[in-house]
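Have a look at the structure below, then the notes.
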Amino acid sequence: MNHLPLIIKREYLNKVRNKSFIVMTFLSPMIMIALIAVVAYLSQMNNDTKRTISILDETGLVGDSFESSEYTTYTIINNMPIEGAKELVKAKNDFGLLYIKKSSDTLKLVETINFYSDESPSLSIISGMERKIEKRLSDVKLQNEGVDIAQILAAKTRVNIAQETFEGEKTSKVDSYLKLAFGGAAGYLLFMFIIIYGNMIMRSVIEEKTSRIIEIIISSVKPIQLMMGKIIGTSLAGVTQFIIWIILGGVLLYVVSAIFGIDVMQMQTPQKVLINQAMANSDAQNMAQELITGFLNLPILNLCVAFLFFFIGGYLLYSSLYAAIGAAVDNETDTQQFMMPIIMPLVLAVYVGVFTVIEDPHGTVSTVFSFIPFTSPVVMLMRIPFGVPIWQQLLSFALLVCTFVFTVWFAAKIYRVGILMYGKKPTYKELFKWLKY
Amino acid sequence: MNNLLVANSVSKSFGDFKALNNVSIEVEKGSIFGLLGPNGAGKTTLIRIVNQITMPDSGEILLDGSPLKPHNIRDIGYLPEERGLYKTMKVGEQAIYLAQLKGLSKQEAKDRLKYWFDKLEIGDWWNKKIQELSKGQAQKIQFIVTVLHRPKLLIFDEPFSGFDPINATLIKDEILQLRDEGATVIFSTHRMESVEELCDHIALIHKSNKVLDGKLTDVKRQFKTNTFEVGLQSETPEVVTQLIKEQFEVFPATFKNLSDDIKMNIKLPANTSPNDLLSFLTSKAEIHHFVEVIPSANDIFIQTVKNN
């Protein structure tokens, strides 16, 4: 008799109707969006601060290269000793004082520039000023050597190396960032999914044990059916929750940014900075075009298929272990000692993915880890956007399936014995003995 | 074929621990079979093997003459000792789910549940969650779920625990009625008074071995000690007592009767019949009470376990 659909249905409905599940489903995206909005709002406030910086330029060389902008006003102080200038700036309650000391030699000038302020200035303020001074001083030096600035400007060349594989596929730096984003998102999604819903499966197994219904159930159903039903039912509930999160998150993000007029997409996240730097040479229109072509250049079909397979394979691999842990213990506090061996390879996979795949997606480390079954789902998903040969994907998936079959067998054994064991917390040695019961 | 269930030298070990050692039982159709034994003797293991929860290392189980198959789970209703229900699920929904797992269709399950809920007068519990019910109330639901699919074989492990006397009687009557309707019952308990009341046949498992097996009346006959409870009246009780003590083995006795001149248990030697004792007594005193002492299930249990 096949009760699997019945069990899946019960598990699914039981999860989805659960109050805390419903609350989490609808509250989480709101909390997330609220957090993003607050951060965006705060960082905007931060940028809004208007400050005045005074400049005491004894050389008279650089002062006029500072143009006031919306948030920063530069005022030039002339003919005043430095001590006096400091007093003045303090009295005016300006943000700080940039002091360029008189020097006979332009070359020595660079060593005698100081900035005085109450609070230490942010990195961006300092480097902004440094850039301006550097440019001016280089120009001055070039002029001293008798070079015409106009000529230099005319001679300036912009280079953008067009990348192309031997097969004729065009790639670019934008592509790389896109690939990174897609791979990272896929790998991280899997990681989160395993942790959240694996735990949910484990708790649901423990619940059946503590409520003592388990023996009634398994007098009608094979333990392995019950286990698989649990895993699949809970996963479907998880997928439902994820989809609601994505839809709700998208809608809320749109609404919030419309209401508060905060352009959340313009936030200076680290990724943005990276992309902006990559784009420094190309204009906006160009960038949009590159993004689109980059997206189209991704192995989209491969990505989708591989995502589906590795996601399911990896998830089942880990969730069966979670189910086994749930069966082995009586309550959640006892699960700690068994959690470590599960979490470790997962975390390792994410680290390997983040650090080595970015560095070299086809290097030895990332290749090896994309074959080891416990790390392969995450690492392979991160690698695939960079183009992994099909034979590698197939081999890795085959290894994953073999391991998956083994862990499910293993978990089912533990599960079968564990669900009827009450009272004591088993040791690893005992778990091993259960395999032979 | 008069046996519904036959276990043929079933053995099961867990690691180094032998839970069952060559245990055989035969459960007659339409009977109530008492499976007795101290805690940890192996009863639950045997019951789990019958339910195909655990697989035996050796030996076989026959149901209706053929080896147990996975589809036989429909033929068995099992009320485990460690039992519970999903706490957050509603009573009706849960009962339907469990019935469906036993192979009933949703509609069948609903109809039969309605019958049982009306019979036990618990119709208004349908939409309650289990956690809102008391332990005894939840037990009633578990009982209904066990018998709902009308199995040939019912296995009850401590069915009365958690019930007040009224509900215990109610359940006992239901079990007897199910038996009368043709079901066979295996009944495992530590309450010897319910064994006396219900069981036709008992088997006692002790330290993984079956140490006693047979019809309850046969077992009692086997354990009887040829002892008689005697109440006499006499003008000279001391003299009469002395006379009896010279002839027979005598133990003190307690029972209720109107006069209390002489009360004693008299044990007869193997070759002596109760008539001999009677004729001996009639010449000495007036006989008001004369009953053979029948060993109780409790005595049999304790004696067997102690001797092994």
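Only the coordinates and a few stated rules stand behind these numbers; no lab work does. Worth saying up front: this structure is predicted, and the values here are computed from it rather than measured. Heads up, the Cβs are rebuilt from the backbone with ideal geometry, glycines too, and the neighbour counts pull from every protein chain shown.
Some observations on this one:
- Cα-based Rg and Dmax for region B:212-260, where Dmax is the largest Cα-Cα distance (Å): 15.4, 48
- Computed FRET value (nearest 0.05) for residue B:299 with residue A:50, which takes r as the C-beta separation and R₀ as 56 Å: 0.05
- The listed peptides A:150-159, A:50-59, ordered by packing as a protection proxy, come out as A:50-59, A:150-159 (highest mean of other Cβ atoms within 10 Å first).
- Using bins of 10 Å that start at zero, the share of Cα-Cα pairs per bin across region A:296-437 amounts to 12, 37, 27, 17, 7, 1, in whole %.
- Extent along principal axes [Cα atoms of region A:50-147; Å; largest to smallest]: 42, 28, 19
- Label-point gap, in nm, between residue A:120 and residue B:8 - each point 7 angstrom along Cα→Cβ: 8.7
- Each helix, a run of at least 4 DSSP H residues, gives -39500 (n - 2.57); summed and divided by the residues of chain A, these come to -22000 deg cm²/dmol at 222 nm.
- Computed about its Cα centre, the charge dipole of region B:164-225 is approximately 500 debye, with only Lys, Arg, Asp and Glu carrying charge at their Cβ.
- Shielding score for B:82-91, defined as the mean number of other chain Cβ atoms within 10 Å: 5
- Peptide B:275-286 - average C-beta neighbours from other chains (10 Å radius): 0
- For region B:225-292, the alpha-carbon coordinates run over 30, 22, 18 Å along the three principal axes, in decreasing order.
- Full extension of the segment from residue A:160 to residue A:371, taken as 0.36 nm per residue of separation minus the current Cα-Cα distance, would add 72.4 nm.
- Peptide ranges A:85-92, A:379-386, B:227-234 listed from the most packed, as the mean C-beta count within 10 angstrom indicates: A:379-386, B:227-234, A:85-92
- Computed from Cα positions, the angle between helix A:270-279 and the longest principal axis of chain A comes to roughly 60 degrees.
- Relative contact order computed over region B:225-292 (Cα-Cα under 8 Å; 6+ residues apart), in percent: 52
- Nearest 10 degrees, 0 to 90: helix B:165-180 Cα axis against chain B principal axis: 80
- Of the residues B:274, B:195, B:156, the one whose Cα sits farthest toward the positive end of the charge dipole of chain B, with +1 on the Cβ of Lys and Arg and -1 on the Cβ of Asp and Glu, is B:156.
- With helices as the sole contributors, chain B gives -10500 deg cm²/dmol at 222 nm; each DSSP H run of n ≥ 4 counts as -39500 (n - 2.57), and the sum is divided by every residue.
- Under the criterion of Cα pairs below 8 Å and six or more residues apart, the relative contact order for chain B equals 20 percent.
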